[in-house]
Structures are given as C-alpha cells and as structure tokens.
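Okay, structure first, notes after.
The values are calculated or read from the model by the stated rules, or taken from the named source; none is laboratory data. Small disclaimer: the values here were computed from a predicted structure and weren't measured. No Cβ is skipped: glycine too gets one built from the backbone with ideal geometry, and neighbour counts run over all protein chains shown.
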C-alpha cells in the first residue's frame with residue numbers, strides 16, 4: 001500500500017468512539033495501514049473537518065475516515081468495514097471486547113444519564 005492510497009483517519013483526542021476504533025486497528029494489527037490525524041476539540045483541524053462535513057450535508061461526527069474522497073463516520077461501521085477488508089473477526093479481539101463491553105458501555109450509559117438530567 002503506497003502512502004498516497006492510505007486511508008486517513010481523523011480522531012478526536014478525548015473521544016471514546018475514536019479510542020474504540022484505534023483499539024480495533026491496533027489489536028487487529030492493521031493500524032500501520034492508515035494515516036492518523038489526531039486533534040483536540042476546537043483546534044484548526046477539528047474546525048476544518050467539521051466544516052467539510054457540514055458542507056457535504058453530514059452531521060459532524062468522529063471518528064471519520066477519508067474513503068474515496070468522502071468522510072465516512074461511525075466507529076462500528078468503520079470497524080466492520082476495516083475488519084471485512086482485512087479478514088479480521090472483531091469479536092475475537094479481547095481488548096476491543098473488554099473496552100466495548102466495559103468502559104465504553106458504561107461511558108455511553110453515563111453520557112445518556114447526564115443528558116437526561118440536563119433536560120429536566
């Protein structure tokens with residue numbers, strides 16, 4: 001794979017969905033096939049990527065992968081796509097399973113609870 005054909009992945013530094021994708025790519029042994037742009041909330045890269053998504057009619061979301069000139073989002077969708085392309089079964093990756101069923105699941109539940117509390 002040449003550097004010009006490598007998929008660029010945009011990861012927000014504190015995003016649990018981005019971490020989930022990064023865990024998958026690393027544990028599957030395919031992280032070296034990608035170029036990563038890691039940014040912090042509100043920096044120039046974040047603002048430019050959000051603006052690009054909005055201009056394309058997309059709701060800004062991360063992680064995002066640049067595939068065929070478009071930004072594709074959704075950690076589960078990206079994991080499924082990259083797993084299929086690499087012939088990897090994500091359910092057989094113990095760290096990804098541990099993160100997905102433990103820390104990540106609890107984070108999502110807490111985020112949902114916080115939104116509900118704020119809406120009262």
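Is the stretch 73-93 home to any residue that is under 16 Å from residue 22 (Cα atoms), in contact with a strand residue (DSSP E or B) (Cβ under 6 Å, 6 or more places away or on another chain), modelled with pLDDT of 95 or more and assigned to a helix (DSSP H, G or I)?
yes
Inspect all residues belonging to the stretch 60-74 and state whether any of them is free of Cβ contacts under 8 Å to residues at least 12 places away in the same chain, under 25 Å from residue 110 (Cβ atoms) and touching a helix residue (DSSP H, G or I) at 6+ places or on another chain (Cβ under 9 Å).
There is at least one residue in the stretch 60-74 that is free of Cβ contacts under 8 Å to residues at least 12 places away in the same chain, under 25 Å from residue 110 (Cβ atoms) and touching a helix residue (DSSP H, G or I) at 6+ places or on another chain (Cβ under 9 Å).
Got a number for residues in the stretch 1-24 being under 15 Å from the mean Cα position of the chain (by Cα) and over 25 Å from residue 111 (Cα atoms)?
2
Being crowded, with 19+ Cβ neighbours inside 10 Å and in a loop (DSSP other than H, G, I, E, B) is the filter here, so list the residues in the stretch 34-68 that pass it.
Answer for the stretch 34-68, where residues must be crowded, with 19+ Cβ neighbours inside 10 Å and in a loop (DSSP other than H, G, I, E, B): 62, 63.
Go through the residues of the stretch 21-33 one by one and say whether even a single one is surrounded by fewer than 14 Cβ atoms within 10 Å (Cβ to Cβ) and assigned to a loop (DSSP other than H, G, I, E, B).
Taking every residue of the stretch 21-33 in turn, at least one turns out to be surrounded by fewer than 14 Cβ atoms within 10 Å (Cβ to Cβ) and assigned to a loop (DSSP other than H, G, I, E, B).
Output the residues belonging to the stretch 71-104 that are exposed (fewer than 15 other Cβ atoms within 10 Å of the Cβ) and under 15 Å from the mean Cα position of the chain (by Cα).
76, 77, 80
Is there any pair with a first residue in the stretch 25-45 that is on the phi > 0 side of the Ramachandran plot and touching a residue at least 40 places away in the same chain (Cβ under 8 Å) and a second that is part of a helix (DSSP H, G or I) and surrounded by 16 or more Cβ atoms within 10 Å (Cβ to Cβ) whose Cβ atoms are under 7 Å apart and which are 6 or more apart or on different chains, and what are they?
none
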